[in-house]
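A short worksheet on the structure shown next.
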Amino acid sequence: MSFALKLKLAGCMALGIGLVGSQAARAQAAAPDAPTWSGVPRPATSKVVKRSTYVAMPDGTRLAVDIYLPDVVAPGQKLPTVLEQTRYYRSTVVGADAAQSCKAVSPHFAFFASRGYAVVVLDVRGTGASFGTRAAEFSDVEVEDGSRIVDWIAAQPWSNGSVGDEGISYVGTTAEMLLRNHNRHVKAVAPISAGYDYYTDLDFPGGVRNQFFITGWGGFDRALDVGHPELVPILKQLDWRGPCPVDGDEDGKLKAAAIAGHQRNINSGAELGPVNFRDDPSLSGPTTWPNPAIYRTSIDQLHTPLLAISGWYDSGYANGAIERFQNSASPERRLIIPSSNHGVKAFYEPGVAQPTASSFDADAEILRFFDHYVAGIDNGYEREPRVRWFTTGVDQWRSAATWPRQAKGATFCLTKVATLDAGSCAGSGSIDYSPTGDAGTGDNSRWNTTLGGGPVFYADRGAADRQLLSFTGPALTAAAEVTGYPTLDLAVTNPAADADYFVYLEEVKPSGASLYVTEGELRSSHSAIGAVDHKSFAPSHSDLAKDKLADTANRRLQIAIRLQPISHVFTKGSRIRLVIAGADKAHFASPASAGQHWTIDIGQGGSQLHLPLAPVSGS
């Protein structure tokens with residue numbers, strides 16, 4: 001692998017984007033998700049130079065920053081600034097030549113700096129080459145550090161005092177959390193592929209432990225923090241050798257001293273070991289879940305413009321993005337939902353079975369947003385729709401002033417002959433089933449992408465469906481659109497003390513191919529309907545220990561399972577399929593299937609699938 005390719009891939013990994021660019025190069029055609037409203041970004045006007053330094057916090061802790069500037073800044077010229085606060089190395093030593101890789105200019109940051117912005121990239125406290133330790137993720141002191149860095153930026157001779165913060169994943173959440181400081185130099189933020197309620201969106205969707213992510217992310221962060229990225233197989237392959245030192249630290253002693261302090265950092269995965277419910281204590285103390293959802297009132301206080309971009313197929317982050325929009329009182333909030341992965345670099349829609357590069361340019365969209373709100377350019381951005389989303393199946397962008405009201409939709413009854421019957425459910429009966437099969441959603445699922453940003457794609461689900469409990473509707477006589485949240489009301493009795501239920505919505509094409517559309521999961525002990533502390537689409541579950549259903553064994557439960565939101569058109573002639581599994585072992589830690597036996601009630605008062613289904617005009 002050439003050095004240039006190593007560096008390109010390393011930069012992608014640092015942003016949480018993964019190897020999409022190289023893997024998706026095998027795609028046969030351009031993805032159909034290019035924005036129809038923005039055109040090409042304004043051209044670059046300069047080359048870019050890079051330097052680095054330490055900035056001292058009030059408590060004396062030194063934080064490492066990279067500064068990117070246009071190569072020519074006229075005397076007295078003042079620039080707006082793009083800030084990024086990362087825990088994944090602001091710059092990375094790649095290969096044996098540290099000097100060469102550390103001088104390299106990141107294409108992502110050069111995109112903004114070459115168009116008239118200063119760019120400042122921070123190793124947050126206790127990471128990279130920064131000093132300090134980490135007792136929590138998104139800690140109060142880390143959030144306060146962000147404001148001190150903004151003040152430092154505003155005092156620089158090249159700064160006009162206007163700052164916009166952006167980033168992907170954790171780095172996007174640091175941008176949103178920055179608003180808690182109410183620093184008026186911050187003019188706009190753009191959290192990309194970032195969670196809103198991490199418990200629901202990622203770590204415990206439906207109360208089900210996402211062990212793949214919890215363990216993987218904890219190990220990934222620990223390897224970076226202690227300066228041994230080679231402990232992560234993909235980073236060893238890319239020949240990562242640690243964070244770059246700041247300029248002047250020629251012998252690396254400062255960097256080594258900073259990393260030595262990181263040995264005391266928590267392991268976020270281990271911290272969640274004893275956690276089951278939202279309010280359970282973590283390994284070292286109370287679980288505070290420092291999500292943006294908790295701080296939404298403070299984040300909204302100044303009505304700072306916020307652009308959230310999250311893909312339909314990035315764990316549960318599309319749900320988080322919608323809830324962020326719904327819970328914000330700011331008139332300047334914006335929401336874009338592409339049909340993409342974590343990092344918005346790979347495209348997926350039902351039927352995509354190989355890595356496919358997205359045609360959506362997130363950097364260009366952030367530039368337009370920052371140009372208006374940070375640089376003060378009158379580009380008409382404020383007159384554009386506040387919500388945009390991509391509808392798969394017809395490959396169209398839709399827009400509205402707010403998130404659309406969910407269609408009343410249609411109800412489908414589960415039957416003994418494995419069909420979905422539309423209309424009122426009559427009669428009574430039951431289905432007996434022992435859940436021995438595994439969902440087997442593969443290594444490129446919506447849950448994989450959030451750890452490293454790999455592409456999302458699913459193989460034909462037909463073979464897996466035959467090992468699971470499935471129900472299939474008749475061929476559609478006209479195309480039908482689902483936009484919003486499907487829900488399964490599952491009436492089930494199970495002798496197990498606890499159980500997980502995984503639900504998949506699929507489109508069966510006339511050819512017989514069964515295509516993944518979306519999914520939902522719920523643990524029976526978490527199935528009591530209860531309010532969460534922010535606006536959430538029904539049905540909602542509090543996931544609080546006080547609401548635990550402790551007596552689920554041999555008890556008839558009416559479980560409401562909300563699937564991840566989607567906007568998809570089922571084509572004429574296709575059939576809608578519902579699939580239920582008791583395990584997805586590659587991603588989730590579930591109670592053992594041994595001893596489980598499901599008795600699923602059907603008919604009146606029994607199990608029903610509710611789809612926000614609407615006809616498609618002209619179909």
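Take ARG264 and decide whether it is surrounded by fewer than 21 Cβ atoms within 10 Å (Cβ to Cβ), in contact with a Ser or Thr (Cβ under 7 Å, 6 or more places away or on another chain) and either part of a strand (DSSP E or B) or modelled with pLDDT of 95 or more (or both).
In short, yes.
Take the conditions free of Cβ contacts under 8 Å to residues at least 12 places away in the same chain, in a loop (DSSP other than H, G, I, E, B) and open to solvent by 30 Å² or more (accessible area, probe 1.4 Å) and apply them to VAL417. Does it pass?
So VAL417 passes the test.
Could you list, in sequence order, all residues of the range 503-537 that are in contact (Cβ under 8 Å) with a residue 24 or more places away in the chain, among the aliphatic types (A, V, I, L, M) and either within 22 Å of PRO474 (Cβ to Cβ) or open to solvent by 40 Å² or more (accessible area, probe 1.4 Å) (or both)?
VAL503, LEU505, VAL508, ALA513, LEU515, VAL517, ILE529 - these are the residues of the range 503-537 that are in contact (Cβ under 8 Å) with a residue 24 or more places away in the chain, among the aliphatic types (A, V, I, L, M) and either within 22 Å of PRO474 (Cβ to Cβ) or open to solvent by 40 Å² or more (accessible area, probe 1.4 Å) (or both).
Could you list, in sequence order, the residues of the range 302-333 that are surrounded by fewer than 24 Cβ atoms within 10 Å (Cβ to Cβ) and part of a loop (DSSP other than H, G, I, E, B)?
Those that are surrounded by fewer than 24 Cβ atoms within 10 Å (Cβ to Cβ) and part of a loop (DSSP other than H, G, I, E, B): LEU302, HIS303, THR304, PRO305, SER328, ALA329, SER330, PRO331, GLU332.
Filter the range 29-42 for residues that are in contact (Cβ under 8 Å) with a residue 24 or more places away in the chain and either open to solvent by 60 Å² or more (accessible area, probe 1.4 Å) or assigned to a strand (DSSP E or B) (or both) and give the result.
Within the range 29-42, ALA30, THR36, VAL40, ARG42 meet the criteria.
Which of (1) polar (S, T, N, Q); (2) on the phi > 0 side of the Ramachandran plot; (3) without any contact (Cβ under 8 Å) to a residue 40 or more places away in the chain does SER315 not meet, given it meets every other one?
Only one criterion is unmet by SER315, namely (3).
For THR436, only one of the following conditions fails: (1) touching a strand residue (DSSP E or B) at 6+ places or on another chain (Cβ under 8 Å); (2) under 23 Å from ASP500 (Cα atoms); (3) surrounded by fewer than 17 Cβ atoms within 10 Å (Cβ to Cβ); (4) of a type outside the set (D, E, K, R). What is its number?
THR436 satisfies all of (1) touching a strand residue (DSSP E or B) at 6+ places or on another chain (Cβ under 8 Å); (2) under 23 Å from ASP500 (Cα atoms); (3) surrounded by fewer than 17 Cβ atoms within 10 Å (Cβ to Cβ); (4) of a type outside the set (D, E, K, R) except (1).
The rows are residues; the columns are (1) more than 19 Å from SER91 (Cβ to Cβ); (2) touching a Pro at 6+ places or on another chain (Cβ under 9 Å); (3) open to solvent by 30 Å² or more (accessible area, probe 1.4 Å); (4) modelled with pLDDT of 95 or more.
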| site | (1), (2), (3), (4) |
| --- | --- |
| LEU224 | no, yes, no, yes |
| GLY227 | no, yes, no, yes |
| ASP239 | no, no, yes, yes |
| PRO245 | no, no, yes, yes |
| GLY248 | no, no, yes, yes |
| GLU271 | yes, no, no, no |
| TRP289 | yes, no, no, no |
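So is TYR348 under 14 Å from PHE390 (Cα atoms), of a type outside the set (Val, Ile, Thr) and out of contact with any Cys (no Cβ under 9 Å at 6 or more places or on another chain) or not?
The answer is yes for TYR348.
When the residues of the range 453-485 are narrowed to those that are of a type in the set (Val, Ile, Thr) and outside any loop (DSSP other than H, G, I, E, B), which ends up farthest from ALA614 (Cα to Cα)?
Filtering the range 453-485 for residues that are of a type in the set (Val, Ile, Thr) and outside any loop (DSSP other than H, G, I, E, B), the one farthest from ALA614 (Cα to Cα) comes out as THR472.
Quick one: in the range 335-352, of everything that is touching a helix residue (DSSP H, G or I) at 6+ places or on another chain (Cβ under 7 Å) and part of a strand (DSSP E or B), which residue is farthest from ARG575 (Cα to Cα)?
The selected residue is LEU335.
Kindly provide the set of residues from the range 372-386 that are without any contact (Cβ under 8 Å) to a residue 40 or more places away in the chain and part of a loop (DSSP other than H, G, I, E, B), ordered by number.
Of everything in the range 372-386, those that are without any contact (Cβ under 8 Å) to a residue 40 or more places away in the chain and part of a loop (DSSP other than H, G, I, E, B) turn out to be ILE377, ASP378, ASN379, GLY380, PRO385.
Do we have ILE214 as open to solvent by less than 10 Å² (accessible area, probe 1.4 Å) and not in a loop (DSSP other than H, G, I, E, B) here?
When the stated conditions are applied, ILE214 passes them.
Residues of the range 441-482 being open to solvent by 40 Å² or more (accessible area, probe 1.4 Å) and acidic (Asp, Glu), which ones?
Listed by number, the residues that qualify are ASP443, ASP460.
So, in the range 329-354, exactly how many residues are closer than 28 Å to TYR504 by Cβ and under 18 Å from the mean Cα position of the chain (by Cα)?
15
When ASP151 is evaluated against the numbered criteria (1) without any contact (Cβ under 8 Å) to a residue 40 or more places away in the chain; (2) within 30 Å of GLY285 (Cα to Cα), which criterion, by number, is the only one it fails?
Only one criterion in (1) without any contact (Cβ under 8 Å) to a residue 40 or more places away in the chain; (2) within 30 Å of GLY285 (Cα to Cα) is unmet by ASP151, namely (2).
Every residue in the range 341-386 that is open to solvent by 40 Å² or more (accessible area, probe 1.4 Å) and within 21 Å of TRP447 (Cα to Cα), please.
Within the range 341-386, LYS345, GLY351, ALA353, GLN354, ALA357 meet the criteria.
Going through the range 131-165 one residue at a time, which ones are within 23 Å of the chain's Cα centre (by Cα) and either aliphatic (A, V, I, L, M) or open to solvent by 20 Å² or more (accessible area, probe 1.4 Å) (or both)?
Within the range 131-165, ALA136, GLU137, SER139, ASP140, VAL143 qualify.
So, in the range 96-113, exactly how many residues are modelled with pLDDT of 95 or more and touching a Gly at 6+ places or on another chain (Cβ under 7 Å)?
The total comes to 3.
Out of TRP397, TRP389, TRP403, report the one residue that is touching a residue at least 12 places away in the same chain (Cβ under 8 Å) and in a loop (DSSP other than H, G, I, E, B).
The match here is TRP403.
Does the range 552-587 hold any residues that are free of Cβ contacts under 8 Å to residues at least 60 places away in the same chain and open to solvent by 10 Å² or more (accessible area, probe 1.4 Å), and which are they?
Selection gives ALA553 alone.
Might you check whether a residue that is touching a strand residue (DSSP E or B) at 6+ places or on another chain (Cβ under 7 Å), within 27 Å of LEU306 (Cα to Cα), at pLDDT 85 or above and open to solvent by 10 Å² or more (accessible area, probe 1.4 Å) occurs anywhere in the range 7-23?
So far as the range 7-23 goes, no, none of its residues is touching a strand residue (DSSP E or B) at 6+ places or on another chain (Cβ under 7 Å), within 27 Å of LEU306 (Cα to Cα), at pLDDT 85 or above and open to solvent by 10 Å² or more (accessible area, probe 1.4 Å).
Quick one: is PHE220 at pLDDT 95 or above and open to solvent by 10 Å² or more (accessible area, probe 1.4 Å)?
For PHE220, the condition - at pLDDT 95 or above and open to solvent by 10 Å² or more (accessible area, probe 1.4 Å) - is met.
Inside the range 291-301, can you point out the residues that are of a type outside the set (Val, Ile, Thr), part of a loop (DSSP other than H, G, I, E, B) and open to solvent by 10 Å² or more (accessible area, probe 1.4 Å)?
TYR295, ASP300, GLN301
Just to check your reading of the model, which residue among GLY60, GLY76, GLY128, GLY116 is at positive phi, at pLDDT 95 or above and open to solvent by 40 Å² or more (accessible area, probe 1.4 Å)?
GLY60
Are any residues in the range 47-75 touching a Pro at 6+ places or on another chain (Cβ under 8 Å) and in a loop (DSSP other than H, G, I, E, B), and if so, which ones?
LYS47
For the structure I just gave you, tell me whether ASP500 is touching a Leu at 6+ places or on another chain (Cβ under 8 Å), at pLDDT 95 or above, among the acidic types (Asp, Glu) and surrounded by fewer than 23 Cβ atoms within 10 Å (Cβ to Cβ).
Criteria not met by ASP500.
The values are calculated or read from the model by the stated rules, or taken from the named source; none is laboratory data. Just so it is clear, the structure is predicted and the values come from calculations on it, not from any experiment. So basically every Cβ, Gly included, is an ideal-geometry build from the backbone, and we count neighbours across all protein chains shown. The protein model used for the area step is the full one, side chains on, heavy atoms only, and it has no ligands, DNA or RNA in it. Shrake-Rupley method; radii C 1.70, N 1.55, O 1.52, S 1.80 Å.
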